């Protein structure tokens with residue numbers, strides 16, 4: 001579904017963030033990218049939707065080469081995506097309802113009644129049913145993120161990219177977001193790519209987990225194998241989050 | 001695409017190469033600003049959709065109604081200053097009764113569009129650059145592009161449509177208030193009768209001066225929105241970047257208003 005072919009990304013400062021990275025995200029899976037800060041997780045995500053372009057290599061979305069797409073072709077490819085930004089990126093002058101309704105109003109011919117039904121449904125899913133009239137500045141960081149998630153899924157896209165979906169959220173809400181991501185994937189067949197530091201989430205919902213380090217993909221494994229990984233970077237990550245046993249996550253997988 | 005990456009380049013090998021790159025960079029940035037203007041004008045065909053109409057009215061309210069107090073004070077005092085300065089000189093030749101004509105001609109040809117343009121560039125333009133810059137820093141512009149919502153249509157076009165209408169209106173208002181301010185000074189300081197002042201002013205109120213002034217103001221509206229949004233769109237590095245964009249938009253707007261104002265005057269007179 002999404003394919004990285006020998007992607008290298010060097011920024012203007014000369015920093016090589018991705019170094020000959022190749023991997024493929026399968027249709028319908030929940031693919032989680034983990035790794036220390038600055039190893040190119042969010043950069044990878046931004047390549048998938050062409051907010052960044054590779055210095056060399058190609059990024060494919062299905063049969064479309066997104067890294068070379070321009071104009072209308074890029075618009076068409078992007079319309080297949082939903083994207084949850086790390087900062088939520090809600091428009092500050094619109095209330096939550098209008099923010100979530102925005103892609104439907106701008107890009108579909110739905111009636112206002114149909115839009116209201118979809119927006120209310122999306123807000124209920126993320127636990128913000130009563131917050132439609134709130135302005136983003138009146139919400140906590142976690143609530144803003146959930147509103148951003150509602151906006152990302154309201155159009156029911158084929159692929160949703162989540163940049164740190166549970167950072168800044170309390171454990172109960174984090175779990176709710178995990179369930180929502182898993183539910184969207186299983187019920188609607190949405191392909192999900194999640195960038196996170198939260199291994200509890202990653203182990204709970206992922207089909208596969210990719211470990212990034214030093215601009216390289218160090219491993220791509222299912223959670224059951226990742227938890228037993230012998231990679232020093234993966235072990236350090238697991239142990240830093242007090243994850244030493246495998247049973248708990250298998251039992252808790254939504 | 002509004003969201004863009006800075007280009008990766010090898011270090012320049014000579015001063016000539018550095019200079020060449022600088023020239024090309026400046027030309028590229030001018031081209032980018034022009035594309036923002038052209039893109040927003042092309043998006044005017046969407047100006048009559050329900051949402052766009054609502055946005056345009058909101059922007060007109062922001063540009064005109066909320067700028068009215070400062071524009072009023074500036075216009076009134078500009079008229080008063082003009083009348084005082086010109087009147088004192090004319091009194092030497094016992095011709096202070098002509099003050100109205102001089103104030104009217106100055107306001108219509110230059111001071112009306114010029115002062116309204118400068119005031120709106122400093123208030124509305126700065127606010128525009130700060131808002132767009134903050135949106136850029138907060139990834140709101142990137143979010144729009146990912147949702148396939150064109151920022152030029154969504155953000156720039158309503159502002160441009162609003163300013164294209166409101167700057168000429170504000171210019172006309174500035175002229176009227178300036179002439180009134182001149183009348184107050186003429187009557188109280190120079191003992192020119194009200195009727196004489198206004199009769200004299202109306203005798204010199206040429207249709208050409210009015211239309212040229214309004215045309216200038218119309219151009220200033222485009223300049224303010226293009227420059228402010230361009231500076232906003234190139235914002236990076238957080239709050240510092242927003243401050244830089246705001247300052248740069250005001251400086252560039254002032255310069256362009258002066259330069260374009262001169263050439264339009266030169267074109268018609």
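Overview of values
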{"item": "DSSP bridge pairs, the protein assembly as shown: antiparallel proportion in percent, nearest 5", "result": "50 percent"}
{"item": "Sequence-separation-based contact order of chain A, relative, with Cα cut under 8 Å and 6+ spacing, percent", "result": "25 percent"}
{"item": "Taking A:216, A:15 and counting other C-beta atoms within 10 Å, the order from fewest to most", "result": "A:15, A:216"}
{"item": "Inter-chain Cβ neighbour average for residues B:130-142, partner chain, 10 Å", "result": "3"}
{"item": "Additional length obtainable on full extension of the chain from residue A:236 to residue A:117, 0.36 nm per residue less Cα span", "result": "38.3 nm"}
{"item": "Helical mean residue ellipticity (222 nm; -39500 (n - 2.57) per DSSP H run of 4+; nearest 500) of chain A", "result": "-11500 deg cm²/dmol"}
{"item": "Separation of the residue B:54 and residue A:224 label points, Cα + 7 Å toward Cβ, nm", "result": "5.1 nm"}
{"item": "Estimated distance in nm for a label pair at residue A:65 and residue B:259, the labels positioned 7 Å out from Cα along Cα-to-Cβ", "result": "4.0 nm"}
{"item": "Virtual spin-label span in nm between residue B:29 and residue B:269, 7 Å along Cα→Cβ", "result": "3.3 nm"}
{"item": "Chain B: calculated mean residue ellipticity at 222 nm from DSSP helix runs of at least 4, using -39500 (n - 2.57)", "result": "-25500 deg cm²/dmol"}
{"item": "Among A:150, A:240, A:182: highest mean-square fluctuation, GNM of chain A, C-alpha pairs under 10 Å", "result": "A:240"}
{"item": "Overall dimensions of the range B:15-268 as given by Cα atoms, namely Rg and Dmax in Å", "result": "20.9, 69"}
{"item": "Burial ranking of peptide ranges A:166-173, A:59-66 (average Cβ count within 10 Å, highest at the top)", "result": "A:59-66, A:166-173"}
{"item": "Relative contact order of chain B, defined on C-alpha pairs under 8 angstrom at six or more residues apart (%)", "result": "31 percent"}
{"item": "Segment residue A:110-residue A:15, length gained on full extension (0.36 nm per residue, minus Cα span)", "result": "29.7 nm"}
{"item": "Mean separation of Cα contacts under 8 Å, 6 or more apart, over the residue count of the range A:188-239: relative contact order %", "result": "25 percent"}
{"item": "Per-residue mean of C-beta atoms belonging to partner chains within 10 Å, peptide A:89-95", "result": "4"}
{"item": "Exposure proxy order (Cβ contacts within 10 Å, fewest to most) of A:176, A:146, B:266, B:66", "result": "B:266, B:66, A:176, A:146"}
{"item": "Size descriptor, Kirkwood hydrodynamic radius, that averages inverse alpha-carbon separations across the protein assembly as shown, Å", "result": "26.2 Å"}
{"item": "Degrees between helix B:50-60 axis and first principal axis of chain B (Cα, 0 to 90, nearest 10)", "result": "50 degrees"}
{"item": "Chain A: most fluctuating residue of A:192, A:44, A:79 per GNM, C-alpha cutoff 10 Å", "result": "A:79"}
{"item": "Peptide-level mean, for A:2-15, of C-beta atoms on other protein chains within 10 Å", "result": "1"}
{"item": "Mean Cβ neighbour count within 10 Å, used as a protection proxy, ranking A:67-74, B:226-233, A:46-53, B:31-38 highest first", "result": "B:226-233, A:46-53, B:31-38, A:67-74"}
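A short reminder: the numbers here are calculations on the coordinates, not readings from a lab. The structure presented is a predicted model; accordingly, all values stated were derived computationally and were not measured. Positions of Cβ are backbone-derived with ideal geometry, glycine not excepted, and every protein chain shown enters the neighbour counts.
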